[in-house]
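Q: Take this structure first; my questions come after.
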């Protein structure tokens, strides 16, 4: 792994982040890399736009008259805001389902207002607050449309999970048996594959090149939905959300746990996969921004994201005493 970013304090380096990067096109060709582009990692939540393809491809999106906003929250690691909660519950209701069907577990919402509301009313968080509740709602409404079981929708042999595995196989260029399957934090199957294959998958889903016809329609729907409703994918101010907003429908992008970030850009036909070796998200925006500058994206969206290129380190008095920034690596 190479050193991708550093944190400085008062002019001296305080921390370094090692990691690897892969950039690939829709043909699966490795266009650029840093570190080891063949290192294997779990996709974690970066898989969500790929998992959401089955909602459209199965016919569930049309059958339940889903909105692009509802499709966007199925791609989300959302903050559990009132808007996120309402959108997830609205989608479930369309299929005659409720929060009780969610098997994602619970955690406190990241949204401050929603958090304070729970505390003020002496309530504990419920599954809809989970940042993965949109993904699970998408799986459930797909299962309902297919007439498949709702109780075991997280089992790998369930039709929904088999469809997802098949889609990830097609997009990544790996045979299903070449994708190691684990259990994600929300209980769903999680897919382990090389960074090179992740970048290929995102290049294909963004550009819709080398993608079967049924997935072409689904890929366009996901790209348009997340571009039109980027705050549903994370929250206002989050790098993932702001990146989707800046590229206005040209981009499919999703962060994942343990320092992973994947993105694809239709205009360039390229996909990017970045992984910090220690699993930290802290250096992610500056690293990704340096990659995006090097792959020749349009200047205007990058200018809108300039604040993420060099992020200040603040002390408890609110003073900027250092920076988190990418090193001068070259792809």
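Every number here is computed from the coordinates shown, using simple stated rules; none is lab data. What you are looking at is a predicted structure, and each value in this text was computed from that prediction instead of being measured. Here the Cβ is made from the backbone with ideal geometry for all residues, glycine too, and neighbour counts use every protein chain on show.
Q: Volume per residue, Å³, of the convex hull around the alpha-carbon atoms of the chain? Mind showing how you got there, number by number?
A: Details: hull volume 40.5 nm³, N = 331.
With only Cα atoms used, the chain gives 122 Å³ per residue.
Q: Can I ask one more? Using a Gaussian network model on the chain with a 10 Å cutoff between Cα atoms, which of 313, 183, 205 fluctuates the most?
A: Judging by the Gaussian network model, the answer is 313.
Q: Something else: Show me 112-125, 208-221, 16-29, 243-256 ranked by packing, highest mean number of other Cβ atoms within 10 Å first.
A: Values: 112-125: 11.6, 208-221: 17.9, 16-29: 21.2, 243-256: 23.9.
Top to bottom by mean Cβ count within 10 Å: 243-256, 16-29, 208-221, 112-125.
Q: Name the shape class, rounded, prolate or oblate, that the alpha-carbon gyration tensor gives for region 12-152, where a ≥ b ≥ c are the square roots of its eigenvalues, rounded holds for a/c under 1.5, and otherwise prolate holds if a/b is larger than b/c and oblate otherwise.
A: Values: a/c = 2.61, a/b = 1.30, b/c = 2.01.
It comes out oblate by the Cα gyration axes.
Q: How big is D, in µm² s⁻¹, for region 192-331 by Stokes-Einstein at 37 °C and 0.692 mPa s if Rh is the Kirkwood radius over C-alpha pairs?
A: Numbers: Rh = 15.6 Å.
Taking Rh from Cα pairs, D becomes 210 µm²/s.
Q: Work out the FRET efficiency for residue 183 and residue 86 from their Cβ-Cβ distance, taking R0 = 35 Å, and round it to the nearest 0.05. Show your work: numbers first, answer last.
A: Working: r = 29 Å, r/R0 = 0.82.
That pair, residue 183 with residue 86, gives E of 0.75.
Q: Please state the relative contact order of the chain as a whole percent: Cα pairs under 8 Å, 6+ residues apart?
A: For the chain, the relative contact order is 25 percent.
Q: For region 284-321 and region 198-257, what is the separation of their Cα centres, given in Å?
A: About 20 Å separates the Cα centre of region 284-321 from the one of region 198-257.
Q: For a paramagnetic label modelled at 7 Å from the Cα of residue 99 toward its Cβ, which residues of region 133-176 fall within the zone defined by backbone nitrogen distances under 15 Å?
A: 133-134, 137
Q: Another question about this same structure. With N set to the number of residues, divide the alpha-carbon radius of gyration of region 168-218 by 2.2 N^0.38 Å and report two decimals.
A: On the way: Rg = 11.7 Å, N = 51, 2.2 N^0.38 = 9.8 Å.
Rounded to two decimals, the normalised Rg is 1.20.
Q: Residues in region 42-60, backbone N under 17 Å from the label point at residue 156 (7 Å along the Cα-to-beta-carbon vector): list them, ranges by number please.
A: Within reach of a label on residue 156: 42-44.
Q: With labels modelled as points extended 7 Å from the Cα through the Cβ direction, what inter-label distance (nm, one decimal) is found for residue 8 paired with residue 27?
A: Taking the two extended label points, one gets 4.1 nm.
Q: Past the 16 angstrom mark, what percentage of all C-alpha to C-alpha distances in region 262-331 do you count? If you can, show how the numbers build up before the last one.
A: Working: 1317 of 2415 pairs.
I get 55 percent for the Cα pairs in region 262-331 exceeding 16 Å.
Q: Figure the gain on full extension for residue 38 and residue 15 (residue separation times 0.36 nm, minus the Cα-Cα span) and round it to one decimal in nm.
A: On the way: separation 23, 0.36 × 23 = 8.28 nm, distance 2.54 nm.
Extra length from residue 38 to residue 15 when fully extended: 5.7 nm.
Q: Taking a quarter of the surface of the convex hull around the Cα atoms of region 78-199, what do you get in nm²? If you can, show how the numbers build up before the last one.
A: Values: hull surface 32.9 nm².
Result: 8.2 nm².
Q: Turning to a different aspect of this structure: Sort the following peptides by mean Cβ neighbour count (other Cβ atoms within 10 Å, averaged over residues), highest first: 142-153, 52-63. Numbers along the way, then the final one.
A: Numbers: 142-153: 17.2, 52-63: 22.8.
The most tightly packed comes first, giving 52-63, 142-153.
Q: If you find the alpha carbon centre of region 86-133 and of region 1-56, how far apart are they in angstrom?
A: 30 Å
Q: Can you work out the FRET efficiency for the pair residue 63 and residue 192, with r the C-beta to C-beta distance and R0 = 41 Å, to the nearest 0.05? All intermediate terms of the calculation are to be shown ahead of the outcome.
A: Numbers: r = 32 Å, r/R0 = 0.78.
After rounding to 0.05, the efficiency reads 0.80.
Q: For the peptides 185-198, 298-311, what is the packing order when you average, over each peptide's residues, the other Cβ atoms within 10 Å and list the highest mean first? Don't jump to the answer; show the numbers that get you there.
A: Numbers: 185-198: 22.3, 298-311: 14.4.
In descending order of packing, they fall as 185-198, 298-311.
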